[in-house]
Ligand code: CA
């Protein structure tokens, strides 16, 4: 499965960083643009699968970015989720009919944003966003946050859940501890590499409770991979 790429256009540093961190944890490839002008350049350079676009931006406003993208053949169908401040802007923006695919009013939870992104991608690019992944006898529902093995419900902590979700998105691929740290914990969090081993251990224990085989392969001095037939 290809990893969908998202361009976050937001001039508030703290929010941009938070969104990038959380969307990367959801398994997306994320780039950030800090104003409307940069957004238009990055759309051309990166060709993202979706844009999260703030309405109030320096240089070129979010609404103008939206209009320009909708006015070009190459970006006419590019999914756009618009962020607005609380208050009248949401109504105004809807009234302006900018052609955004969805709107979210600040403050919003990143869980809510992730759900909207999945919904928009599912509608517009059905192949990209799969809520439910099946690999071998494992099933993970990333919306309902449920995991099953052979139909048996498996209860995982949030870190183990993200770890399994990441491995299931790339079955057979070997990830180093550092890559897993970046993908699951985030690149700006300091965690020791052996923490990965601890959580992989917990994940294995939960997955093998009924004496099933170990679906996670340890690759000596390289890392871990999910070893199931997809
Ligand atoms: Ca702003």
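The values are calculated or read from the model by the stated rules, or taken from the named source; none is laboratory data. It should be emphasised that the depicted structure is a prediction, and the values quoted were computed from it without experimental measurement. Virtual Cβ from ideal backbone geometry, glycine too; neighbours counted across all protein chains shown.
The table that follows gives values for the structure above.
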read-out: In region 62-85, residue surrounded by the most Cβ atoms within 10 Å (Cβ to Cβ) [restricted to those that are at pLDDT below 90 and within 13 Å of the ligand (Cβ to nearest atom)]; value: 84
read-out: Looking only at region 48-76, and only at residues there that are without any contact (Cβ under 8 Å) to a residue 24 or more places away in the chain and not in a helix (DSSP H, G or I), the one that is nearest to residue 23 (Cα to Cα); value: 76
read-out: Which listed residue, of 93, 124, is at pLDDT below 80, out of contact with any strand residue (DSSP E or B) (no Cβ under 6 Å at 6 or more places or on another chain) and closer than 30 Å to residue 57 by Cβ; value: 124
read-out: Region 1-28, subset part of a strand (DSSP E or B) and within 16 Å of the ligand (Cβ to nearest atom), residue farthest from residue 106 (Cα to Cα); value: 7
read-out: Only listed residue being within 22 Å of residue 132 (Cα to Cα) and at pLDDT below 95, chosen from 184, 191, 219; value: 184
read-out: When residues of region 29-47 are limited to those that are within 14 Å of the ligand (Cβ to nearest atom) and not in a helix (DSSP H, G or I), the one surrounded by the most Cβ atoms within 10 Å (Cβ to Cβ); value: 33
read-out: Matching option when the condition is modelled with pLDDT under 90 and closer than 17 Å to residue 226 by Cα, among 134, 202; value: 134
